[in-house]
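Undergrad: Can you keep this structure in mind? I'll have questions shortly.
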Amino acid sequence: MDQQANTRELVSSSAVVGNPKESWWKRLLSLVNTRVRLEDIERLSGAAILSMIPEVTSPNTQNRNIYLGTAEPVGSIVESFRLLRNNIKNSDPLAKVIAISSAYASEGKSTVALNLAIALAMDGVRVLLIDFDLRKPSVHEKVGVSNGVGVTSVLGNELRLREAIKPSDFEGVFVLTSGPLPSDSVEALNSYQTQKLIRDAREEYDFLVVDTPPCIGLSDMPVIGTLVDGIVMVVSIGKIRKRDLATAFRGLRQSGTTLLGSATIGTPRRGYYNYYYSYYSYYSDDSKEIKPKRGRVPKVIKR
């Protein structure tokens, strides 16, 4: 039965049994509105929302491509990533290897991964940002470094880990890009060499932030889930469908991956949003800029 038929049946049955108009109208809206809302996320995931990140638009940037340490992010942007950092630490104080993923591509996961790495490094620790998206990597573009060598160079025993890691323009943040793409990303990740890479990186850095491929339709995440301490799901409010997000969360549970929680991206509209963004605005000091190392502002990459 298609959605229109379901809708007609719902309206008809409500009229027959004499339910109040408000009751069937709410059920009708719930049926028609298939996009994820804020209140759906914790119910579908069974885990907390760790932070609500504003969707930023400005004359010089597009949506999610905005980084801490540049001239643009102030106020609610900075506070949302500080909150994400702090809530990850509170949810699992032992989590040192943190994966960032989303149900589909273009939900902002790679930008969230970079900003989380920067926020963690604000505490004076060393953070390694790793690009495990061996299908469509983007970390090298966002950080502004070459992708000539990286993860696959280490896995292929062409370079030692230390030789493949690059510094970034952000104090305390180091980068291991994907490197040349392999013919089979899953087999490359599902190897002893990858386990050794993570083990060696743990010894050198206080935190590892791992950018990953999307969850749905790909078999990379079950493998990556065995390598990390937990995952943060990035969810675009009002854009992804509920059933797709439910599928992504179900896949994580089936693979035994530890879900630390979700980070939402979306424009605040009313109620629950406004409370938190008013909080961010009240307690943040927009005059305090987070400066990138060497004073160079990285180029904003538009998707």
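Undergrad: With the requirement that a residue be surrounded by 13 or more Cβ atoms within 10 Å (Cβ to Cβ) and part of a helix (DSSP H, G or I), what does the range 33-51 give you?
TA: Scanning the range 33-51 gives Leu38, Asp40, Ile41, Glu42, Leu44, Ser45.
Undergrad: Listed residues Glu187, Glu203, Glu171; which is acidic (Asp, Glu) and either buried (at least 16 other Cβ atoms within 10 Å of the Cβ) or in a loop (DSSP other than H, G, I, E, B) (or both)?
TA: Residue meeting the stated conditions: Glu171.
Undergrad: Tell me whether the range 144-151 contains one or more residues that are crowded, with 19+ Cβ neighbours inside 10 Å, assigned to a loop (DSSP other than H, G, I, E, B), on the phi < 0 side of the Ramachandran plot and modelled with pLDDT under 95.
TA: No, there is no match, as no residue in the range 144-151 is crowded, with 19+ Cβ neighbours inside 10 Å, assigned to a loop (DSSP other than H, G, I, E, B), on the phi < 0 side of the Ramachandran plot and modelled with pLDDT under 95.
The values are calculated or read from the model by the stated rules, or taken from the named source; none is laboratory data. In this text the structure is predicted, and so the values were computed from the model without any measurement. Reconstructed Cβ throughout: ideal geometry from the backbone, glycine too, with neighbour counts over all protein chains shown.
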